[in-house]
Amino acid sequence: MIKLLIIEDHPLVVDGLKSLIERRSDFELCGIAGNADDALLLLKTCSPDIILLDIMLPGMTGLELIDILQKDYPTARVLVISTYSQRYYVEAMMEKGAKGYLLKNAANDDIIEAITTVMEGETYLCHEISVNLKKNPGNIVSLSHRELEVLKLIASGLTNKEIAETLFISPLTVDSHRKNMIAKLDARNTASLIKIAVENGYFTLRSETNELE
């Protein structure tokens, strides 16, 4: 019996994984958490063999949570399930100790294969990820359209609450985007994030007018 914990905040993804797990006699669902705090609370009583971990969680991201999981729950194998296929995310999560990486559009058979492969102590990368890594050997870091929107508003001096109101998203989502960009660009803090972004051409900042281009 393979015990699984789902850490994912998207209801449709959760429902799909839950349905798949419950149909398998060799799988057992021991918990579902929509954020890092709930996950860590569940782990006090739940001892999963495999943790299905999303990267973009509200509040603490999967990139941050995996460090805690590796330190405090080393016997639980982390299988990433994400919408992100970029090299940065794959390498970052695998370097942090993830045993597999799966995209959310994966077929049920691929999810089952990933779970069983990781449970056997082997590493699993879905086909699309493997192909992307071979096609893109460089270390180019891309920011999504939404991340760029958030980044420009941060550089303009807006608070998380003000950015949230401007983009019609929650302050937690804004903070997740900020943390994610700090990790992606290997920045130390928000000021460093803006400096690196400008230096790498994500946007330009005209110092004499403090306007973004």
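The values are calculated or read from the model by the stated rules, or taken from the named source; none is laboratory data. Because the structure is a prediction, the values reported are computed rather than measured. Reconstructed Cβ throughout: ideal geometry from the backbone, glycine too, with neighbour counts over all protein chains shown.
Within segment 57-65, can one find any residue that is outside any helix (DSSP H, G or I), modelled with pLDDT of 95 or more and buried (at least 20 other Cβ atoms within 10 Å of the Cβ)?
no
If you scan segment 1-21, which residues turn out to be outside any strand (DSSP E or B), in contact with a strand residue (DSSP E or B) (Cβ under 7 Å, 6 or more places away or on another chain) and free of Cβ contacts under 8 Å to residues at least 60 places away in the same chain?
M1, V14, K18, I21
Find all pairs meeting these conditions: Cβ atoms under 8 angstrom apart; at least six residues apart or on different chains; first residue within segment 22-44 and in contact (Cβ under 8 Å) with a residue 60 or more places away in the chain; second residue part of a loop (DSSP other than H, G, I, E, B).
F27/M1
Tell me the residue from A187, A164 that is without any contact (Cβ under 8 Å) to a residue 12 or more places away in the chain, surrounded by 14 or more Cβ atoms within 10 Å (Cβ to Cβ) and more than 20 Å from V198 (Cβ to Cβ), please.
Sole residue among the options that is without any contact (Cβ under 8 Å) to a residue 12 or more places away in the chain, surrounded by 14 or more Cβ atoms within 10 Å (Cβ to Cβ) and more than 20 Å from V198 (Cβ to Cβ): A164.
In the list Q86, Q70, which residue meets the criterion of being modelled with pLDDT of 95 or more and polar (S, T, N, Q)?
The match here is Q70.
Looking at segment 96-105, is at least one residue assigned by TED's automatic domain parsing to the domain that holds R24, of a type outside the set (F, W, Y), part of a helix (DSSP H, G or I) and out of contact with any helix residue (DSSP H, G or I) (no Cβ under 6 Å at 6 or more places or on another chain)?
Scanning segment 96-105, I find no residue that is assigned by TED's automatic domain parsing to the domain that holds R24, of a type outside the set (F, W, Y), part of a helix (DSSP H, G or I) and out of contact with any helix residue (DSSP H, G or I) (no Cβ under 6 Å at 6 or more places or on another chain), so the answer is no.
Is segment 134-143 home to any residue that is more than 15 Å from the chain's Cα centre (by Cα), part of a helix (DSSP H, G or I) and either surrounded by 14 or more Cβ atoms within 10 Å (Cβ to Cβ) or modelled with pLDDT of 85 or more (or both)?
Checked segment 134-143: no residue is more than 15 Å from the chain's Cα centre (by Cα), part of a helix (DSSP H, G or I) and either surrounded by 14 or more Cβ atoms within 10 Å (Cβ to Cβ) or modelled with pLDDT of 85 or more (or both).
Under 19 Å from the mean Cα position of the chain (by Cα), modelled with pLDDT under 95 and either assigned by TED's automatic domain parsing to the domain that holds N160 or surrounded by 18 or more Cβ atoms within 10 Å (Cβ to Cβ) (or both), is that true of I6?
no
Taking the stated definitions as given, is V150 at pLDDT 95 or above, β-branched (V, I, T) and in contact with a helix residue (DSSP H, G or I) (Cβ under 7 Å, 6 or more places away or on another chain)?
Judged against the criteria, V150 is not a match.
Out of (1) among the aliphatic types (A, V, I, L, M); (2) in a strand (DSSP E or B); (3) within 29 Å of K195 (Cβ to Cβ), what's the single condition that is false for V78?
Just one mismatch for V78, condition (3).
On the given criteria, is Y84 in a helix (DSSP H, G or I), of a type in the set (F, W, Y) and touching a residue at least 24 places away in the same chain (Cβ under 8 Å)?
Judged against the criteria, Y84 is not a match.
Can you confirm whether segment 201-212 contains a residue that is modelled with pLDDT under 85 and in contact with a Gly (Cβ under 9 Å, 6 or more places away or on another chain)?
Yes, the conditions are met somewhere in segment 201-212.
Hey, E113 hits all of (1) of a type in the set (D, E, K, R); (2) crowded, with 16+ Cβ neighbours inside 10 Å; (3) under 18 Å from M181 (Cα atoms) but one; which does it fall short on?
Checking E113 against (1) of a type in the set (D, E, K, R); (2) crowded, with 16+ Cβ neighbours inside 10 Å; (3) under 18 Å from M181 (Cα atoms), the one that fails is (3).
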